[in-house]
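Student: Got a structure for you, questions after.
The values are calculated or read from the model by the stated rules, or taken from the named source; none is laboratory data. Since the model is a prediction, treat every value here as computed from it, not as a measurement. Counting neighbours? That spans all protein chains shown, and the Cβs are built from the backbone with ideal geometry, glycine included. Protein only, heavy atoms only, side chains kept; ligands, DNA and RNA dropped before computing areas. Shrake-Rupley method; radii C 1.70, N 1.55, O 1.52, S 1.80 Å.
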Amino acid sequence: RIGLADPNVAGVVRATVEIESGAVATSGTAERGAHLWDRRTGGTADGFASLSVLGPSLTWADAFATTVFVMGIDGLAWLERFETYHAVGIRHDGSLVTTSALANAFDGQ
């Protein structure tokens, strides 16, 4: 069971996800503030407060987490092409959004 930190409240777990094997990588604003640059807008990426990717490889999960974070909500649909990778994003208001494979994994959270 992996805890996903609440990027808006230090020390709080916002959601958990269970994995049997593989990796989880997160990009976000909790530890370093707004630090990811979006070349399309010329400013910092702000579609998510936190974006976590689950998949078989930590290297690719990390790369995809940063990429999807910068892409914003459209990045979730982009990630769907990689069948073994899934994402959960935490918006600035605390709500969760996921790729379709995880759509029912966070009911009530």
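Student: Given the conditions (1) open to solvent by 50 Å² or more (accessible area, probe 1.4 Å); (2) within 12 Å of the chain's Cα centre (by Cα), which single one is not true for Trp60?
Tutor: The one condition Trp60 does not meet is (2).
Student: Now for a separate question. Kindly establish whether Glu18 is of a type in the set (Asp, Glu), free of Cβ contacts under 8 Å to residues at least 40 places away in the same chain and in contact with a helix residue (DSSP H, G or I) (Cβ under 8 Å, 6 or more places away or on another chain).
Tutor: For Glu18, the condition - of a type in the set (Asp, Glu), free of Cβ contacts under 8 Å to residues at least 40 places away in the same chain and in contact with a helix residue (DSSP H, G or I) (Cβ under 8 Å, 6 or more places away or on another chain) - is not met.
Student: For segment 11-45, which positions are small (Gly, Ala, Ser) and either part of a strand (DSSP E or B) or modelled with pLDDT of 85 or more (or both)?
Tutor: Passing the criteria: Gly11, Ala15, Ser21, Gly22, Ala23, Ala25, Ser27, Gly28, Gly43.
Student: If the Cβ limit is 6 Å and pairs must be 6+ apart or interchain, which residue in segment 64-82 that is in contact (Cβ under 8 Å) with a residue 24 or more places away in the chain and surrounded by fewer than 17 Cβ atoms within 10 Å (Cβ to Cβ) pairs with which residue that is assigned to a helix (DSSP H, G or I) and hydroxyl-bearing (Ser, Thr, Tyr)?
Tutor: none
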